[in-house]
Every structure is written in C-alpha cells, then in structure tokens.
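I have placed the structure first, in the form of structure tokens, so that the comments after it can refer back to it.
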C-alpha cells in the first residue's frame, strides 16, 4: 500500500500596498514634525530676539542719579549721551555699563562712579562727586579738591558762591580741568588751611590767599592784606605761637590788618611789622 505524499501548502503573501502606504505616512509625519519643529524654533528664536532686543519692554527709559545736585546730574547725563532717550533707542540688555562707567570717570568733578541696571528699563548711576576745598589760580580760577584734582574753571560771575581761599604761585600751564597737582608745597598749604579752619576759625574767615613759592615757602594773605609768612618748615607747629601772638598784640581779630606782616620763619621768635598808617 503506497503512502500518500503530503502536499506543501503555500500561503499567498499579503498585499504590500497598504504596508507601503502606512510607511509613507509615518515617514511623512516624521518629516512634518521635524520640519515643524525647525520652523517653530526659528519663529520662537526670532520672536524671543525681538522681545529681548527690539521691543519697547527693555528699552532704556529712565536714568536715575541719586544724591547729586541737579546741575551735576544734568551735566553727567549730557556727557554720557543719555539726554534724549525718546529719540535714541538704548536697549538695557545690550547696554555696556563698563564703558559708561569708564567714560563718566573722565569727568573731573567725579571721584567714583558705579553703574547698575534696574530691569526692565532703568539705569541707576551711583556717583560720588569731588568736594572743592580751595581755589587755584591759573589762567583764571579753578576749583580743586583735597587730592589736588582740578575740577573746573569758575566763571567770575559765580565766584561769590565759593567762599574759599585761593592758592597762588603754581605753574599756570599745569592748572587745567582734569589735571592733578603734585606740588608738595600745595598739599602743605592745604594742611595750613584745614588746621586754621578747625582750630582758628576767626583767622580762617579772613584767609584770602595762600601763596606757594618754588622754594617751598608758604605765605598766607588775609583779606586786609596782612601777610603771615609760614616759611617751609614746621609751619603747623608754629600755629599755637601765632595764636598766642595775635591774642597778645591784637585786641581782636578784626584789627589784624594793623600788621603789614607776621613772620614765623625764625626759630623761637616772631618778627612783625606794623603798617605805617596805623
């Protein structure tokens, strides 16, 4: 009896068209999502850049300078080029505070400056002005501080606003706004001025001029023309002697001008001369 042969059954393959369609749509979807992501990133980046650097939100609208006189504040704003914020678009995020600080420090009237951003639209400038302690004679009269920095030239009409003695005898060519006086005798004259203002107020009120010579001698000139010749050595130590002398030979500080000069340059003695018309 013969065995029957088994017949191999072949399964007909599925129709590949739906598979290809599905793969096509999946691929197209991936490309669409990827392309959409790129387009969205570009759009978002553009809008973010516009918001940060071009929109009015971060536009500089206010400049605050607390603690300084209005005249100096206006001068600083003008010097910094921030006087017309309505016409010039300064973006606070891109604003370089270091450059502004460096520029403002070039102003002789300022001793120190700090600049800070107060988001979204305010710039805060913290400035410490120099304090004028004396007038310096050059080609005109100039204000100077205790560090010897020439701050500005004073107009003749404004001299009445500065009740300060004048230092004379310096090289006029070196007395200009922004320059620094390094003359040793200049600082000795400032020491005399400061000491008189603290310990001999009545005499200081009459102090008109402090003359410094090339040899280092210092002569104070009072309002009435009286010269007090301090010389160049130990002048601060002679102030008590001067005070005692004026108390002894002058009934009041108002008639100090009876003296033509009072000379303190001699050791342990004071030489003086009275005016001839006294």
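The values are calculated or read from the model by the stated rules, or taken from the named source; none is laboratory data. This is a predicted model, so every value here is computed, not measured. Methodologically, a virtual Cβ is constructed for each residue, glycine included, from the backbone with ideal geometry; neighbour enumeration extends over all protein chains shown.
Scanning the range 37-93 for residues that are touching a residue at least 60 places away in the same chain (Cβ under 8 Å) and part of a helix (DSSP H, G or I), which turns out nearest to residue 109 (Cα to Cα)?
58
Could you tell me whether the range 110-129 includes any residue that is closer than 30 Å to residue 154 by Cβ, outside any strand (DSSP E or B) and in contact with a strand residue (DSSP E or B) (Cβ under 7 Å, 6 or more places away or on another chain)?
Checked the range 110-129: no residue is closer than 30 Å to residue 154 by Cβ, outside any strand (DSSP E or B) and in contact with a strand residue (DSSP E or B) (Cβ under 7 Å, 6 or more places away or on another chain).
If residue 196 satisfies all but one of (1) touching a helix residue (DSSP H, G or I) at 6+ places or on another chain (Cβ under 7 Å); (2) in a loop (DSSP other than H, G, I, E, B), what's the number of the condition it fails?
So the condition that residue 196 fails would be (2).
Rundown of residues vs (1) in contact with a helix residue (DSSP H, G or I) (Cβ under 6 Å, 6 or more places away or on another chain); (2) surrounded by 17 or more Cβ atoms within 10 Å (Cβ to Cβ), yes/no style:
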| site | (1), (2) |
| --- | --- |
| 81 | no, no |
| 92 | yes, yes |
| 132 | no, yes |
| 138 | yes, yes |
| 144 | no, yes |
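Is it the case that some residue within the range 154-167 is over 26 Å from the mean Cα position of the chain (by Cα) and touching a residue at least 12 places away in the same chain (Cβ under 8 Å)?
no
Given the conditions (1) part of a loop (DSSP other than H, G, I, E, B); (2) in contact with a helix residue (DSSP H, G or I) (Cβ under 6 Å, 6 or more places away or on another chain); (3) touching a residue at least 40 places away in the same chain (Cβ under 8 Å), and given that residue 210 satisfies all but one, which numbered condition is not satisfied?
Of the numbered conditions (1) part of a loop (DSSP other than H, G, I, E, B); (2) in contact with a helix residue (DSSP H, G or I) (Cβ under 6 Å, 6 or more places away or on another chain); (3) touching a residue at least 40 places away in the same chain (Cβ under 8 Å), the odd one out for residue 210 is (1).
Which is at positive phi and in the same structural domain as residue 138 (by TED's automatic domain parsing), of 224, 178, 214?
One residue alone meets the criteria, 178.
Residues checked against (1) touching a helix residue (DSSP H, G or I) at 6+ places or on another chain (Cβ under 9 Å); (2) under 12 Å from residue 189 (Cβ atoms); (3) touching a residue at least 40 places away in the same chain (Cβ under 8 Å):
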| residue | (1), (2), (3) |
| --- | --- |
| 203 | yes, no, yes |
| 225 | yes, no, no |
| 234 | no, no, no |
| 239 | yes, no, yes |
| 245 | no, no, no |
| 248 | no, no, no |
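It is to be established whether one or more residues within the range 239-250 are under 25 Å from residue 169 (Cα atoms) and not in a strand (DSSP E or B). Talk me through it step by step, then tell me what you get.
To start, the set of residues in the range 239-250 that are under 25 Å from residue 169 (Cα atoms) comprises 239, 242.
Cutting the leftovers down to not in a strand (DSSP E or B) gives us 239, 242.
Yes - at least one qualifying residue is present in the range 239-250.
In this structure, does residue 257 turn out to be over 16 Å from residue 205 (Cα atoms) and in a helix (DSSP H, G or I)?
no
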